[in-house]
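Before any comments, here is the structure.
The values are calculated or read from the model by the stated rules, or taken from the named source; none is laboratory data. Values in this document were obtained by computation on a predicted structure and should not be read as measured data. Here the Cβ positions follow ideal geometry from the backbone for every residue, glycine too, while neighbour counts run over all protein chains shown.
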Amino acid sequence: MTKRKKVIWSISIVFIVVIIFFSGIGINKINKQIEWNLAADAVGTMPYQIGLTNVIMTKCFTTTPPPLCNGGLLCSTKDFATCTQYQDVQGTPSGGMGMNALFLSTSIMQAGLTPGGQLIAGGMSPVLMDTGVLASAGGCAGCVARSTPTKIKDFFKYVIASFKD
């Protein structure tokens, strides 16, 4: 191979790698947007809905005597036996019906919620959010899992819809 062909070949390889890299980032961003939209749809089916920014999470804890549940504002509504499984989440309202709610710690971990982040959630009441939906930038707890073919179909729907605008 001549030197000129080697240079052209190298530039082509680098160009292809860059395209693959940036398309991977784009697909990931589109998939996150689709998941956020699906979570918002799921939250909309619940009677109590909140949207918060600048989230502050306070773990509920037990004290004795007498056996009480303490921590955040809503922790006192939980019984002594299940108290430590919950966290009181509060923040700046950005929509919905309140500025705090009580969530299971496992739901918070599934949703990837972090202090200072944002969330949308829906449930039966501020203290019965463990039967609802919690979504943050990190994921969604209580949302329907999507199969790979559904993800591909949703991706193409989103891309086509964005070109129509």
Residue list for segment 10-37, restricted to those being surrounded by 11 or more Cβ atoms within 10 Å (Cβ to Cβ) and either among the hydrophobic types (A, V, I, L, M, F, W, C) or more than 30 Å from L119 (Cα to Cα) (or both): I27, I30, I34, W36
Being at positive phi, of a type outside the set (D, E, K, R) and under 18 Å from the mean Cα position of the chain (by Cα), is that true of even one residue in segment 23-35? no
Hits in segment 118-165 (condition: at pLDDT below 70, in a loop (DSSP other than H, G, I, E, B) and surrounded by 14 or more Cβ atoms within 10 Å (Cβ to Cβ)): R146
For the subset of segment 48-88 comprising residues that are within 17 Å of G132 (Cβ to Cβ) and touching a Ser or Thr at 6+ places or on another chain (Cβ under 8 Å), which member is surrounded by the fewest Cβ atoms within 10 Å (Cβ to Cβ)? Q85
